[in-house]
1. Send over the Kirkwood Rh of region 123-169, from the inverse of the averaged 1/r over different Cα pairs, rounded to one decimal Å.
2. Rank Thr121, Thr32, Thr72 by mean-square fluctuation in a GNM of the chain with C-alpha springs under 10 angstrom and give only the top-ranked residue.
3. In nm, what is the difference between 0.36 nm times the number of residues separating Tyr99 and Ile177 and their Cα-Cα distance?
4. From zero up to wherever the largest Cα-Cα distance of region 50-193 sits, split into 5 Å bins and tell me the percent of pairs in each.
5. Identify the GluC sites (Glu not before Pro) of region 91-193 meeting these criteria: DSSP loop state and at most 14 other C-beta atoms within 10 Å of the C-beta.
6. For region 28-104, what does the alpha-carbon gyration tensor say about shape, rounded, prolate or oblate, given a ≥ b ≥ c as the root eigenvalues, a/c under 1.5 as rounded, and a/b over b/c as prolate?
7. Using a 1.4 Å probe over the heavy atoms of the protein chains, calculate the carbon and sulfur portion of the accessible area of the chain as a whole percent.
8. Relative to the longest principal Cα axis of the chain, at what angle does helix 2-13 sit, 0 to 90 degrees, rounded to 10?
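The values are calculated or read from the model by the stated rules, or taken from the named source; none is laboratory data. Please read these numbers as outputs of a predicted model, since none were measured by experiment. Positions of Cβ are backbone-derived with ideal geometry, glycine not excepted, and every protein chain shown enters the neighbour counts. The accessibility values were calculated without ligands, DNA or RNA, using every heavy atom of the protein model including side chains. Shrake-Rupley method; radii C 1.70, N 1.55, O 1.52, S 1.80 Å.
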Amino acid sequence: MRHLMILLALSLTGGLTLAQDTGTVRGTVKVTKQKSNAHAVVSIEAPGLAFTPPAGPVKIDQKGFRFIPHITVVVPGTTIRFLNNDPEPHNVYSPEGRYNLGTWPTGDTRDHVFEKPGIFTQLCNIHPDMLAYVVVLETPHFAVTGEDGRFEVKGVPPGKYLLWAWHEKKDGLEKEITVEAGKVLDLDLVIER
């Protein structure tokens, strides 16, 4: 019986990655010639990374004639639910994604599944000042910076990666990094172009 319990415990933890077995990548992103360092996307990528889209939809609200959040990062296969919480109808379309979800009234929603990686502009053809981005990445390791430009990506398995940082007003940057188990890699990044 004791051996059965040990085997059961081992099989239950076999698929888990423990915190001391992974590393953390954190730091700041400075976006030159911009008022804020917010909304930069930082991802940690390598060929063959496993990821699973969330079971339920990720939500983007349309409120105050804005998309909230302004930047949404997901993995391929993720469903995004667009909610209309404004007193007027809204629409969502994307030139890059070549989709138009139509127009719907207050309180209604529309879903769209993002199958392929890329950066997809979200626009409303009724309210041309509304703008957001959906960034679809083939990695589960990503973060979006706050106003201060800070980011943190926890639970990264040890290894060599390509760190990619992107901002809607800049070209972005790439940097090779090495993540070590149980350690924190601190980075200060500057997006200039």
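1. Kirkwood hydrodynamic radius for region 123-169: 13.7 Å.
2. In this elastic network of the chain, the residue with the biggest mean-square fluctuation among Thr121, Thr32, Thr72 is Thr32.
3. Additional length available on full extension: 24.5 nm.
4. Calculated P(r), rounded to whole percents: 2, 8, 17, 20, 18, 14, 10, 6, 3, 1, 0.
5. Glu96, Glu115, Glu147, Glu180, Glu192
6. Oblate, because a/c is 1.5 or more while a/b does not exceed b/c.
7. About 54 percent, which is the carbon plus sulfur part of the accessible surface.
8. 30 degrees
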